[in-house]
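Below is one structure, written out as structure tokens; the observations come after it.
The values are calculated or read from the model by the stated rules, or taken from the named source; none is laboratory data. All values derive from a computational prediction rather than experimental measurement. Because the Cβ atoms are built from the backbone with ideal geometry, glycine has one as well, and the counts that use them run over all protein chains shown. Accessible surface is based on the protein model in full, side chains and every heavy atom, while ligands, DNA and RNA are left aside. Shrake-Rupley method; radii C 1.70, N 1.55, O 1.52, S 1.80 Å.
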Amino acid sequence: MAGAGLSLALLAAALVFAGAVLGGEDRPPLLGAPMDVDNAGNDEGLQRALHFAIAEYNKASNDMYSSRVVRVISAKKQIVAGIKYIMEVEVGRTTCPKPAADLQSCAFHDAPQMAKHTVCKFVVYAIPWLNQIKLLTADCQ
């Protein structure tokens, strides 16, 4: 009798596991899991986080020229006790010396010896309702 109960419990656990594996595509994402940001250019919070990350990157850089984002490779956001933005971006050296007031108006260097492109992964933690923002990770290759 005890063996039948154990078999039934194992069968139930196997069915639950199989349902989780096979039915995962139709379910909504897990609460608190990172979610892709499909249109990074239109996400106001992501743009603020990216602007902050580039400003911090330029402050930490020893380069005499400012850098700015060439393109967003991928972007995710995760709702935690605030919002965590996880971004992979291509960063390029501009013709504007540091500090540049308006990075968006700065052109990228054309000359091969001056042009420098780097791929960076930034993780920014923001608590918008407290007006707090912090760069957690800046990993550039």
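Among the numbered conditions (1) in contact (Cβ under 8 Å) with a residue 60 or more places away in the chain; (2) over 16 Å from the mean Cα position of the chain (by Cα); (3) surrounded by 13 or more Cβ atoms within 10 Å (Cβ to Cβ), the only one that Ala60 does not meet is (3). Restricting the first member to the stretch 108-124 and to residues that are in a strand (DSSP E or B), and the second to residues that are among the β-branched types (Val, Ile, Thr), the beta-carbon pairs closer than 6 Å and six or more apart or on different chains are Phe108/Thr94; Thr118/Val91; Cys120/Val89; Cys120/Val91; Val123/Ile86; Val123/Thr137. The residues listed here are Ala138, Ala53, Ala100; of these, the one that is part of a strand (DSSP E or B), surrounded by 15 or more Cβ atoms within 10 Å (Cβ to Cβ) and among the hydrophobic types (A, V, I, L, M, F, W, C) is Ala138. Remark: pairs (first residue in the stretch 76-97, under 12 Å from Ala33 (Cβ atoms) and touching a residue at least 24 places away in the same chain (Cβ under 8 Å); second residue aromatic (Phe, Trp, Tyr) and surrounded by 15 or more Cβ atoms within 10 Å (Cβ to Cβ); Cβ separation under 9 Å; 6+ apart in sequence or on different chains) = Lys76/Tyr85; Lys77/Tyr85; Gln78/Tyr85; Val80/Tyr125; Lys84/Tyr125; Ile86/Phe122. When Lys84 is tested against (1) open to solvent by less than 30 Å² (accessible area, probe 1.4 Å); (2) farther than 16 Å from Asp63 by Cβ; (3) of a type outside the set (A, V, I, L, M), only condition (1) is not met. Taken together, Ala115, Ala81, Ala111, Ala126 contain a single residue that is aliphatic (A, V, I, L, M) and touching a helix residue (DSSP H, G or I) at 6+ places or on another chain (Cβ under 7 Å), which is Ala126.
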